[in-house]
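Below is one structure, written out as structure tokens; the observations come after it.
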Amino acid sequence: MSIVRTILSLACLLGGGAACAAEIDDCRQLLLKGDYQQCEALTNAAIERGVYGESWHQILAAAQIAQGNYDGATTTLTSAMEKYSWSVRLRWQLMQVLPLAGKADLVESLTIEIGKLAEASPWRYTDADNLVTLGEWALHGGADAKDVQNTFFKRAQRNNPLHREPQLALGRLALAKRDFQLAADLYRAGLERHPDDPDFHFGLGQALLGSDRQAATTAVTKTLELNPHHADALLWVVDRALEAEQYAEAEKQLNALAEINPHHPEMLAFWSVLNVLQGDADLATELRTQALAKWSNNPAVDHIIGRELSQKYRFAEGLSHQRRALEFEANYLPAQKQAAEDLLRLGDEQEGWELADLAAASDPYDVELYNLLTLRTELDRFATLEGDGVRLRMDRREADIYGAVVLELLETARSELGQKYQVQLAQPTLVELFPDPNDFAVRTFGLPGAGGYLGVCFGNVITANSPASQNTSPVNLESVLWHEYAHVITLNKTHNRMPRWLSEGISVYEERQRDPSWGEQLTPIYREMILGGELTAIGDLSGAFLAPKSGLHLQFAYYESSLVVEYLIAEYGFDTLLKVLDDLAAGMAIKEALPRHTDPLPLLEESFADHVRKLAEDFGTNVDWTNPNLQTQELNTASDIATWAKEHPTNYPGLKACAAALVRLERWDLALPVLRTAHELFPYETGAECISWLLAQAERKVGDAAAERSVLEQLVERDDDHAAALLRLLELTAEENDQDATLRYALKLRGIKPLIPQPHMAIAHVAETSGDADLAATALASLLALDPDDPADLHYRLARQLAKQQHWAEAKRQVLKSLEEAPRYRQALSLLLEIRSQERKSEQRPEPSTGAE
């Protein structure tokens, strides 16, 4: 046997290089495919027979590390260094494994050795592998990332464009700086040359997670097809399962990884988080201890635990783990960055910004930190309004227009919802409204361009898009803020320990409780989805928010969640809901808390599904919902369309299509009967082009103002953001001098479009007429902030309302502003004299007696 080994070794050394190269490539492929045992066996056999090259030892150590044999890898690399004493690659790899083997104290000496070797013989380390290694070593030592990118990684890429390592290193660096677009581009370019390399697929999945979750999942799925034992990919799947509250799936993937490497510290950290989320604090602590068994001050363990808890909105707990990580390593950047974000989301702005500055000083290329610190400059320009337990920060102009209205709404939400859910908030709530959607996205998610969100609540901090960002598609800001404040209450009640579906469900439910037109409502499309089997089981409902098939499916998840809450309250009582929330606050998992106060989950899911199907079946009972496929029928003229509609008086989809076609043709004489039939059959649909809106337009065309108003009033009672309908109702009610209705619709419109003058004009007129000086003053102040054509009149009117409330100083200021605009304004001059007279009377009035001698 020894003769055979000698011959093979000589073959490698004296002409058999191609055979050895093929053999080492086979071992590399085994490593990439996750066949670690076979890779270890073949590589070890080759080393024993005397093959030459440090790469063999690196492959062997990598296979050992992947299986958790950290002591074995340490021995492999230490022995190899005796033979390849000049190797920086072996030393760098040993630096990675030593802490895992409980020998972190030896790392520093290796760091120094690498520096000395590179300085003494730089010519020796100009190949791609060594340049990448030296680049990683330089980053570890705190070198400038851009310098490392250009001096080491890109140089390595130029030296060997086909080599995988330089491209992977560039991708890893982009991910570390959270430049996800660049990272995705780099990994895609790598896949063009290495289409079956699992590391490139996994890197692409990491890069795409925030922008295209489906594509990210596809990339990671491909990673695990190519390497079923890819530890980082398995942990990625665990992370997504935890997000979706699919704890059984998370445990399954952790078990799969444990079979490969039972000592993986990050795996044990994830397992600890899983047990925290499932309410087993003792086991969670034990698993954290196991994760730190060899490397007792490994900052990654607590960083991961804290990051995952913050992902579940448990920011205070998450922050405590980041602080632990920073105790282990004060300059550990991932923990610094996460802790800064946690602090800002907890409302601790001073320490949060200080830590963000500290992290940015160490890592000036981090994209999310750069975005966040750039945003701070914009935030400094915002106005801050203080209320009872509420701090509102928003654009100064918008604050002047409607800030007081928002502040009052938030104070009401704090009081009413707090009382209802038996919550006494310990600290003020910070609410930030952003006129630029990208600023909202940066503040909320760290990166611009995260669309689809109107507002987000972190517990004691709310961020939301302001109406200035929604000119084309306005939404009801008051509804959004009520929804988010319900989150403030329930997250505080449960210490942020509640599933996503329950949190969202309560918030949507409370929207409808505040105003029946707010929140998600049953629609024909939702009806079709329910009856089509698209309900999600309660136990899986949180997952419906993470990877919905479409935006519609996401909205349906909100609606279904609200129905669950509504059903729980109707069947078991509101007190039952409070008890479930109390159990969650105590650390009990939802799978235990919910059945504890209702019924076993399978029975509850079945009865809920039956209830919702009944709702859907009863929605439009007399309606024929079948699609008539009118495009396949010969309806060539307006008369043909009208005749078809007359012959199918219960087919709502057909009636709607016929009505829309006749409206486009402006055949109001034929459209009106069809619209009236469709509206009488099913008046519940909402939206910009719903039957109610089309019918109102038709009634207006034929001059029937009473019918038009009736239809519009029904519409706005169901649709919370139909601004066009409300604007028209302001005109109709003003013509009829119906001031109560005018005020009602103006207030609704103000909640949707506070940056236009019409709602404020209507409110001011009604309030002035009715003698409501406070409401009139608020509306007039809003109009003044909207750059009016006649500011003199508005200043005068505002001064009158302030004088009625005996706010003499401010009334005087406003009337003087009026006279600045129009010096000969007689009514303003008279009011000024009256105010001055009242001021003199106040000055002459004696101080009240205290009764003391």
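Results, tabulated for the structure shown:
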item	result
Qualifying residue in segment 358-378 (condition: more than 23 Å from N331 (Cβ to Cβ) and of a type in the set (A, V, I, L, M, F, W, C))	yes
Residue list for segment 145-161, filter: touching a helix residue (DSSP H, G or I) at 6+ places or on another chain (Cβ under 9 Å) and open to solvent by 40 Å² or more (accessible area, probe 1.4 Å)	D147, Q149, T151, F152, K154, R155, Q157, R158, N159, N160, P161
Test for R718: is it within 21 Å of G620 (Cα to Cα), among the basic types (K, R) and part of a loop (DSSP other than H, G, I, E, B)	yes
Qualifying residue in segment 726-737 (condition: buried (at least 18 other Cβ atoms within 10 Å of the Cβ), under 32 Å from the mean Cα position of the chain (by Cα) and under 30 Å from V508 (Cβ atoms))	yes
Among residues of segment 278-298, those that are part of a helix (DSSP H, G or I), small (G, A, S) and open to solvent by 40 Å² or more (accessible area, probe 1.4 Å), counted	1
Residue within segment 530-538 that is more than 30 Å from E680 (Cα to Cα), out of contact with any helix residue (DSSP H, G or I) (no Cβ under 7 Å at 6 or more places or on another chain) and at pLDDT 95 or above present	no
Matching entry among E504, E520, E478, E528 (being charged (D, E, K, R), in contact with a Gly (Cβ under 7 Å, 6 or more places away or on another chain) and in contact (Cβ under 8 Å) with a residue 24 or more places away in the chain)	E478
Subset tally (residues that are open to solvent by less than 20 Å² (accessible area, probe 1.4 Å) and not in a helix (DSSP H, G or I)) for segment 588-610	1
Residues that are under 16 Å from R500 (Cα atoms) and aliphatic (A, V, I, L, M), drawn from segment 240-273	A241, L242, A244
Residue match in segment 662-684 (condition: at pLDDT below 90 and either closer than 18 Å to D624 by Cα or out of contact with any Leu (no Cβ under 8 Å at 6 or more places or on another chain) (or both))	no
Hits in segment 211-244 - residues which are part of a loop (DSSP other than H, G, I, E, B) and surrounded by 17 or more Cβ atoms within 10 Å (Cβ to Cβ)	N227, H229, H230, A244
Any hit, segment 781-789, residues being acidic (D, E), out of contact with any Cys (no Cβ under 6 Å at 6 or more places or on another chain) and in a helix (DSSP H, G or I)	no
Residues of segment 299-315 classified as open to solvent by 40 Å² or more (accessible area, probe 1.4 Å) and either at pLDDT 95 or above or not in a loop (DSSP other than H, G, I, E, B) (or both), total	2
Count of residues meeting criterion [among the hydrophobic types (A, V, I, L, M, F, W, C), surrounded by fewer than 19 Cβ atoms within 10 Å (Cβ to Cβ) and over 23 Å from V97 (Cα atoms)] in segment 245-275	1
Segment 375-404 - residue that is free of Cβ contacts under 8 Å to residues at least 24 places away in the same chain and in a helix (DSSP H, G or I) and, of those, surrounded by the fewest Cβ atoms within 10 Å (Cβ to Cβ)	T377
Flag if L77 is without any contact (Cβ under 8 Å) to a residue 60 or more places away in the chain and surrounded by 14 or more Cβ atoms within 10 Å (Cβ to Cβ)	yes
Subset tally (residues that are of a type outside the set (A, V, I, L, M), touching a residue at least 24 places away in the same chain (Cβ under 8 Å) and open to solvent by 10 Å² or more (accessible area, probe 1.4 Å)) for segment 743-755	3
Positions within segment 678-716 being over 16 Å from L522 (Cα atoms), open to solvent by 10 Å² or more (accessible area, probe 1.4 Å), in contact (Cβ under 8 Å) with a residue 12 or more places away in the chain and of a type in the set (G, A, S), in sequence order	A688, A705
Test result for L407, in a helix (DSSP H, G or I) and modelled with pLDDT of 95 or more	yes
Selection status of W86, farther than 24 Å from E368 by Cβ, modelled with pLDDT of 95 or more and outside any helix (DSSP H, G or I)	yes
Any pair with Cβ under 9 angstrom, 6 or more apart, that starts in segment 289-311 at a residue that is free of Cβ contacts under 8 Å to residues at least 40 places away in the same chain and within 17 Å of M95 (Cα to Cα) and ends at one that is part of a loop (DSSP other than H, G, I, E, B) and open to solvent by 60 Å² or more (accessible area, probe 1.4 Å)	P299/E329
Residues being surrounded by fewer than 21 Cβ atoms within 10 Å (Cβ to Cβ), polar (S, T, N, Q) and under 19 Å from L417 (Cα atoms) - total across segment 530-587	1
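Listed here are the residues, each with its yes/no results for (1) basic (K, R); (2) in a helix (DSSP H, G or I); (3) surrounded by fewer than 17 Cβ atoms within 10 Å (Cβ to Cβ).
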residue	(1), (2), (3)
E317	no, yes, no
Q322	no, yes, no
N331	no, no, yes
P334	no, yes, no
A340	no, yes, no
L344	no, yes, no
E354	no, yes, yes
D357	no, yes, yes
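Matching residues to (1) open to solvent by 70 Å² or more (accessible area, probe 1.4 Å); (2) in contact with a Ser or Thr (Cβ under 6 Å, 6 or more places away or on another chain); (3) at pLDDT below 95:
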| residue | (1), (2), (3) |
| --- | --- |
| I763 | no, no, no |
| V766 | no, yes, no |
| L775 | no, no, no |
| H795 | no, yes, no |
| R800 | yes, no, no |
| Q805 | no, no, yes |
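The values are calculated or read from the model by the stated rules, or taken from the named source; none is laboratory data. Quantities reported herein were computed from a predicted structural model and do not represent experimental measurements. Virtual Cβ from ideal backbone geometry, glycine too; neighbours counted across all protein chains shown. We work out accessible area using only protein heavy atoms, side chains counted, and drop any ligands, DNA or RNA first. Shrake-Rupley method; radii C 1.70, N 1.55, O 1.52, S 1.80 Å.
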